[in-house]
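Okay, structure first, notes after.
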Amino acid sequence: MSVTTEIERPTATAHTVTGSTAKRRLSRTAKYALLILFVVVVLMPVYVLIVTSLKPPADVNPATSWGLPVRWPWEAKVEGGPTGFDNWIMAWQSLAPAISRTFLLAIPAAIISAMLGSMNGFVLSRWRFRGADLVFALILFGMFIPYQAIMTPLVQMKTSLGMPSNVLTLLIVHIIYGLPICTLIFRNYYAGVPNELIEASRVDGAGMLTTYARIILPLSLPGFVVTIIWQFTSAWNDYLFALFLSNANEGPVSLALVNLSQGAQLANYGAAMAGALLASLPTLLVYIILGKYFIGGLMSGSVKS
């Protein structure tokens with residue numbers, strides 16, 4: 001009996017290991033299947049955008065919207081007619097001025113908001129003063145006010161101050177509205193900076209501005225990457241502020257894209273799709289170039305040693 005028991009134990013252990021390995025493989029397969037499903041769902045609109053933008057206007061209709069182009073982008077359905085590449089040329093000619101204005105809006109809005117948020121975060125986290133928590137709570141309160149709730153008073157204030165309906169007004173609004181999230185990110189980030197660095201600078205006679213400029217600012221690259229990506233994307237993709245505070249001739253690309261898709265060129269869906277791809281290209285490039293710093297910067301300060 002004892003011999004039989006010794007033989008059966010390794011067999012049972014091997015079966016347990018095999019079963020555990022099979023469960024892990026099944027779990028991994030299910031995860032990859034779900035991820036592939038999510039990727040397909042997310043990329044479906046992109047696929048429709050690309051294939052539609054490469055079709056001549058005569059080939060675009062709801063019945064074939066999922067199909068690949070039946071002719072090359074440089075070929076027209078009739079000789080001398082519009083081609084798929086003409087969609088891109090038309091979209092670029094319509095959106096180029098608005099894209100330039102949007103760069104003039106998004107880049108300064110991102111940099112200035114990040115800089116002001118960095119200063120706020122440093123003072124509220126490392127240079128405590130009486131009522132600092134209350135001030136921080138009031139700043140955060142701005143994050144929870146929906147855009148729609150402030151549009152009417154914002155437009156009335158803009159009108160009473162005589163501000164123009166262009167990207168300059170949008171720039172001021174985006175800087176102010178971006179301060180709460182930038183302050184929150186930098187405050188959490190600076191909470192992870194060792195106290196010894198701040199105390200050492202004070203012992204050396206450095207004041208608040210000197211400590212910020214020479215000690216804190218060089219350590220702030222991850223925080224700046226996160227806030228700049230966040231603010232750049234918010235300003236670039238904004239439509240509601242642009243609709244109320246600017247106009248189609250002096251507004252950002254979001255308004256120009258609406259005019260392209262719903263204006264006199266209503267029938268040309270290919271040009272509208274090409275315009276949508278052109279308008280989304282800058283934010284896509286920002287995430288591709290700086291995306292590797294984004295998650296790391298978001299997590300900075302979330303785990304304290």
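Please sort 71-82, 22-33 by packing, taking for each peptide the average over its residues of neighbouring beta carbons within 10 angstrom, highest first.
For the peptides 71-82, 22-33, the packing ranking is 71-82, 22-33.
Mind listing the phi-derived Karplus ³J(HN,Hα) values for the range 242-257, rounded to whole Hz, using 6.51, -1.76 and 1.60 with θ = phi - 60°, and x for any glycine or proline?
Coupling constants for the range 242-257: 5, 5, 8, 10, 8, 9, 5, 7, 10, x, x, 5, 4, 6, 5, 5 Hz.
Using unit Cβ charges (K, R positive; D, E negative) and no other charged atoms, how large, in debye to the nearest 20, is the dipole of the chain about its Cα centre?
Values: 19 positive and 12 negative charges, 144 e Å.
Result for the chain is approximately 680 debye, rounded to the nearest 20.
Taking H as built 1.01 Å from N, whose amide H comes closer than 5 Å to the amide H of E75, not counting residues under 5 places away?
Amide H neighbours of E75, under 5 Å, 5+ apart: G84.
Which whole-number value in Å² is the accessible area per residue of the chain, probe 1.4 Å? Numbers along the way, then the final one.
On the way: 18290 Å² over 305 residues.
With all protein chains present, the chain gives 60 Å² per residue.
Please report, for the Cα atoms of the chain, the Rg to one decimal and the Dmax as a whole number; what are they, in angstrom?
When restricted to Cα atoms, the chain yields Rg and Dmax of 27.5, 99 Å.
Report in % the part of the accessible area of the range 60-198 that belongs to carbon and sulfur, leaving out ligands and nucleic acids; probe 1.4 Å.
Details: 5550 of 7930 Å².
Solvent-exposed carbon and sulfur of the range 60-198 make up 70 percent of the total.
Would you compute, from DSSP H runs of 4+ residues alone, the mean residue ellipticity of the chain at 222 nm, taking -39500 (n - 2.57) per run and dividing by the full residue count, rounded to the nearest 500?
Values: 11 runs with 221 residues, N = 305.
Mean residue ellipticity, 222 nm, calculated: -25000 deg cm²/dmol.
Which of rounded, prolate or oblate describes the range 30-119 when judged by the alpha-carbon gyration tensor and an a/c cut-off of 1.5? Numbers along the way, then the final one.
Numbers: a/c = 4.62, a/b = 1.36, b/c = 3.40.
Verdict is oblate for the range 30-119.
If packing is taken as the average number of other Cβ atoms within 10 Å across a peptide's residues, how do 92-104, 230-242 rank, most packed first? If you can, show how the numbers build up before the last one.
On the way: 92-104: 17.7, 230-242: 21.2.
Per-residue mean Cβ counts within 10 Å order the peptides as 230-242, 92-104.
Quickly rank 214-227, 37-50, 111-124 as a protection proxy: mean count of other C-beta atoms within 10 Å, highest first. Let's see the in-between values first.
Working: 214-227: 18.9, 37-50: 11.5, 111-124: 21.6.
My ranking of the peptides, most packed first, is 111-124, 214-227, 37-50.
The values are calculated or read from the model by the stated rules, or taken from the named source; none is laboratory data. Fair warning: this is a prediction, and the values are worked out from it, not measured in the lab. Glycine gets a Cβ as well: all are built from the backbone with ideal geometry, and neighbour counts include every protein chain shown. These area figures cover heavy atoms from the full protein model, side chains too; ligands, DNA and RNA do not enter into them. Shrake-Rupley method; radii C 1.70, N 1.55, O 1.52, S 1.80 Å.
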